[in-house]
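*Asks:* Got a structure for you, questions after.
The values are calculated or read from the model by the stated rules, or taken from the named source; none is laboratory data. Because the structure is a prediction, the values reported are computed rather than measured. Here the Cβ positions follow ideal geometry from the backbone for every residue, glycine too, while neighbour counts run over all protein chains shown. For accessibility, only protein heavy atoms count, side chains too; no ligands or nucleic acids. Shrake-Rupley method; radii C 1.70, N 1.55, O 1.52, S 1.80 Å.
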Amino acid sequence: MTIDRLQIRLVRWPLKMTRKHGVGDIADTLPGVIVSLQTREGLTGWGEAAPWSVFSGTAEAAVSALDVYLRPLVIGRAPAEAARIMAEADRVLVGHPEAKMALDMALQDLRGQLAGVPVADLLGGVFRRNIPLSVSIADPDFDADLDFARSRLAEGVRLFKVKTGFSTHAEDLRRLERLTAILPADASLRVDYNQGLETVDAIRTLRDVEAFRPAFIEQPVARDRRDAMAEITRALDTPILADESVFSPEEAVECARARFADAISIKLMKAGSFAKARAIAAIAGAAGMPCYGGTMYEAGIALTAGIHFAASTPAMTLGAEYYTSAFVLGTEILAQPVRLEAGASWLPEGTGLGIAVNEAALAGVTVESRG
């Protein structure tokens, strides 16, 4: 089985809603990247990169990384060489984890199809078939977000993460108060600052937030202020979740050693490969730190990959936000969308990623294609 084509599509997703975060905002449209690997024998493996310019990188850079530096590593190779290919990817290209993750998704999709098993089996076996769904409250129109929360509650969702730090502290507290007023007793509130607080008064600010008894507070200060993260973790009763401060297994080791957080958000787009994401989860698990399934603004391919990862990784106990293709993006490219039911995202049936791509829908959002 030989790979003979790598096709890269720069896409622009229409958005159904505006989102605000401590680190930046999105509105109207957002770029992304879709990858396909084709074999001489007629199989296609799919992958997706979802960079965000204020978080990690750009879609345009991911396209170039895939086209110029990663393409030579896969053409003429077999999917069975995936581990070696991904090791070579780290040697020829520094950074660009989203591009590398897209390539790994497509390779594992092919491997699963060839073996007749789902990707989750390749990653260690199915530990769970559904993952509790966590949705973010991030619309500057908070009344619209309350309606969004009510709709999700009616569907069985019980995990709600409020984005804070992009407005005043007083406004954050008002939003938290209004949301908690509609949440039932079995719902879990989480708070995410996306690096939005200054370190000088972060602890005082967060003590006010603790009054709402959130399950965790995510990334309150800047990524590189791990010293402040450690102080906050020691000072608060509420668990602190590291997101931007942990991209790699090496940073996960540092987090466990310095205990600058109590838990870790694992995003495939940060990790750069399934193997690295699993390594982060293993380090966290060994340190007694639970993990959360974070995402960027991902469409159905990457979300499905995340579901396979979380389904096969015991440490992923805090739920996951695998919902953006349904509620945020304005175009669905999967013939069968990600299954969201009973407050959870569900592992699909079938081999590989278990997806079929609607190529007409994909063509409708493609702005550039290479290969």
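*Asks:* On the given criteria, is Phe216 under 20 Å from the mean Cα position of the chain (by Cα) and closer than 19 Å to Ala263 by Cβ? Break it down into steps so the answer makes sense when it comes.
*Replies:* Numbers: under 20 Å from the mean Cα position of the chain (by Cα): yes; closer than 19 Å to Ala263 by Cβ: yes.
Answer is yes for this residue.
*Asks:* May I ask you to list pairs of residues, at least six apart or on different chains, whose Cβ atoms are under 8 Å apart, with the first in region 211-235 being free of Cβ contacts under 8 Å to residues at least 24 places away in the same chain and the second being part of a loop (DSSP other than H, G, I, E, B) and hydroxyl-bearing (Ser, Thr, Tyr)?
*Replies:* Listed pairs, sorted by first residue: Asp224/Ser245.
*Asks:* From the list Leu70, Leu110, Leu30, exactly one residue is touching a strand residue (DSSP E or B) at 6+ places or on another chain (Cβ under 7 Å), under 26 Å from Asn358 (Cα atoms) and not in a strand (DSSP E or B). Which is it?
*Replies:* On the way: Leu70 fails: touching a strand residue (DSSP E or B) at 6+ places or on another chain (Cβ under 7 Å); Leu30 fails: not in a strand (DSSP E or B).
The unique qualifying residue is Leu110.
*Asks:* Quick test of your reading of the structure: Val92 fulfils all but one of (1) in contact with a helix residue (DSSP H, G or I) (Cβ under 6 Å, 6 or more places away or on another chain); (2) closer than 23 Å to Thr295 by Cα; (3) of a type in the set (Val, Ile, Thr); (4) surrounded by fewer than 18 Cβ atoms within 10 Å (Cβ to Cβ). Name the failing condition by number.
*Replies:* (2)
*Asks:* Step by step: first the residues of region 101-153, then only those that are open to solvent by 50 Å² or more (accessible area, probe 1.4 Å) and closer than 30 Å to Leu173 by Cβ, then the one that is nearest to the chain's Cα centre (by Cα). Which residue is that?
*Replies:* Selected residue: Pro132.
*Asks:* Right, here's the next one. Keeping to region 128-153, report how many residues are more than 23 Å from Gly293 (Cβ to Cβ) and among the small types (Gly, Ala, Ser).
*Replies:* Of the residues in that region, 1 qualify.
*Asks:* Among the residues of region 48-67, which ones are in a helix (DSSP H, G or I), touching a strand residue (DSSP E or B) at 6+ places or on another chain (Cβ under 8 Å) and without any contact (Cβ under 8 Å) to a residue 60 or more places away in the chain? Explain how you work it out, then say what you get.
*Replies:* Of region 48-67, the ones in a helix (DSSP H, G or I) are 59-67.
Filter once more, so that each one left must be touching a strand residue (DSSP E or B) at 6+ places or on another chain (Cβ under 8 Å): 59-60, 62-63, 66-67.
Passing the criteria: Ala59, Glu60, Ala62.
*Asks:* Another one. With respect to Ser64, determine if the residue is modelled with pLDDT under 95 and open to solvent by 30 Å² or more (accessible area, probe 1.4 Å).
*Replies:* Details: modelled with pLDDT under 95: no; open to solvent by 30 Å² or more (accessible area, probe 1.4 Å): yes.
It is false that Ser64 is modelled with pLDDT under 95 and open to solvent by 30 Å² or more (accessible area, probe 1.4 Å).
*Asks:* To continue, here is another question. Among the residues of region 141-175, which ones are over 23 Å from Leu241 (Cα atoms) and outside any helix (DSSP H, G or I)?
*Replies:* Asp141, Glu155, Gly156
*Asks:* Strands (runs of 3 or more DSSP E) wholly in region 177-267 with at least 3 residues that are among the basic types (Lys, Arg) and open to solvent by 50 Å² or more (accessible area, probe 1.4 Å) - which ones?
*Replies:* Details: elements: 188-192, 240-242, 263-266.
Here the list is empty.
*Asks:* Okay, moving on. From the list Ala342, Ala315, Ala305, Ala299, which one is closer than 30 Å to Arg257 by Cβ, aliphatic (A, V, I, L, M) and touching a residue at least 60 places away in the same chain (Cβ under 8 Å)? Before the answer, list the steps.
*Replies:* Values: Ala342 fails: closer than 30 Å to Arg257 by Cβ; Ala315 fails: touching a residue at least 60 places away in the same chain (Cβ under 8 Å); Ala299 fails: closer than 30 Å to Arg257 by Cβ.
Criteria check complete, one pass: Ala305.
*Asks:* Let me ask something else about it. For residues that are buried (at least 21 other Cβ atoms within 10 Å of the Cβ) and at pLDDT 95 or above, scanning just region 37-58, find the one that is farthest from Val367 (Cα to Cα).
*Replies:* Out of the qualifying residues, it is Gly45.
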